[in-house]
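Q: Input: one structure, supplied below.
The values are calculated or read from the model by the stated rules, or taken from the named source; none is laboratory data. Since this is a predicted model, take the numbers as computed values, not measurements. We work out accessible area using only protein heavy atoms, side chains counted, and drop any ligands, DNA or RNA first. Shrake-Rupley method; radii C 1.70, N 1.55, O 1.52, S 1.80 Å.
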Amino acid sequence: MRALLVEDEELLRHQVAASLREAGYTVDEAPDGEEALYLGREFSYDVAVMDLGLPKIDGIQVIKTLRGEEKHFPILILTARGHWQERVSGLEAGGDDYLVKPFHTEELIARLNALVRRSAGFSSPVVKAGPISLDTSSHRVTVGEAELDLTSFEYKVLEYLMLHPDEVVSKTVLTEHIYEQDCDRDSNVIEVFIGRLRKKFDAAGGIKPIETLRGRGYRFVAPA
């Protein structure tokens with residue numbers, strides 16, 4: 001999942017970004033509201049973390065602008081303790097949840113995971129499709145009783161597909177959601193990850209949940 005992190009305190013931003021990456025997120029960082037608007041318009045995100053007291057353009061205006069431009073990804077607001085008016089204004093502007101500083105990164109990650117699941121229509125941290133279970137908290141994937149041994153990028157590809165079942169997902173979209181903006185991206189690598197996933201599903205029970213739509217992308221279909 002790809003996250004936009006908007007925070008002007010450099011040390012805090014780097015610390016949170018490192019924790020999010022360790023939790024499996026692809027993270028783009030913005031130190032001010034101007035950069036946040038550019039990134040929010042330019043890229044497709046699964047979730048955003050938005051501080052409100054930002055240089056150049058404040059966080060509330062960033063949220064209002066993105067929502068006015070039909071950017072619907074969930075936004076978690078960061079506010080200072082005691083600034084309840086900011087929380088109300090942020091939620092009214094289009095924010096989806098908030099967290100008060102100082103905070104534990106474990107809670108931040110749990111809230112982001114929940115926002116991503118809910119935006120995809122899932123309430124439980126465990127996403128199930130036939131015999132396949134994907135735990136978005138522990139990053140464990142099982143087929144029946146057997147656990148699949150997946151690399152971090154194989155997991156990211158599968159997670160995105162399972163959170164968008166029956167949708168046609170292009171290689172470009174998958175690439176954008178598993179790599180950060182400054183990475184040297186090669187969409188052909190997606191074919192390698194898909195091939196590995198298919199082999200592992202086949203070995204775990206002969207199931208084939210990932211379809212290829214030639215020239216269009218991939219589609220996850222729950223096996224019977």
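Q: For the chain, take the alpha-carbon Rg, divide it by the Kirkwood Rh, and send me Rg/Rh.
A: Here Rg/Rh amounts to 0.99.
Q: Hey, another quick one. Of all DSSP beta bridges located in the chain, what percent are antiparallel, nearest 5?
A: Of those bridges, close to 45 percent are antiparallel.
Q: Using the structure shown, select from Lys171/Lys208; Lys71/Lys200; Lys171/Lys199 the pairs with a Cα to Cα distance greater than 25 angstrom.
A: Lys71/Lys200
Q: Could I ask something else about it? Of His72, His177, His14, which has the most accessible area and how do the rest follow, probe 1.4 Å?
A: Ranking His72, His177, His14 by accessible area, largest first, yields His72, His14, His177.
Q: Moving on to the next point. Evaluate the relative contact order of the range 99-192 (contact order divided by residue number), counting alpha-carbon pairs under 8 angstrom at least 6 apart; express in whole percent.
A: After rounding, I find 16 percent.
Q: Quickly estimate the mean residue ellipticity at 222 nm for the chain, helices only: each DSSP H run with n ≥ 4 gives -39500 (n - 2.57), and the total goes over all residues, rounded to 500.
A: About -13000 deg cm²/dmol.
Q: What's the angle, to the nearest 10 degrees (0 to 90), between helix 188-205's Cα axis and the longest principal axis of the chain?
A: 60 degrees
Q: If each residue of separation counts as 0.36 nm, what is the full-extension length gain between Glu211 and Val126 once their alpha-carbon separation is subtracted?
A: Stretched out fully, the Glu211 to Val126 stretch lengthens by 28.4 nm.
Q: For the range 122-224, state the average projected area of the convex hull of the C-alpha atoms over all orientations, rounded to one decimal in nm².
A: Hull-based average projected area comes out at 6.6 nm².
Q: With the full set of protein chains in place, find how many percent of the accessible area of the chain is carbon and sulfur; take the probe as 1.4 Å.
A: 47 percent
Q: Quick check: Cα centre of the range 56-132 to Cα centre of the range 135-149, how many Å?
A: If we compute the Cα centre of each part, the gap is 26 Å.
Q: Please compute the per residue accessible area over the chain with all protein chains in place, 1.4 Å probe, rounded to a whole number of Å².
A: Ligands and nucleic acids excluded, the result is 48 Å² per residue.
Q: If I take every Cα pair under 8 Å that is 6 or more residues apart in the range 16-135, average their sequence separation and divide by the length, what percent do I get for the relative contact order?
A: The normalised contact order for the range 16-135 reaches 20 percent.
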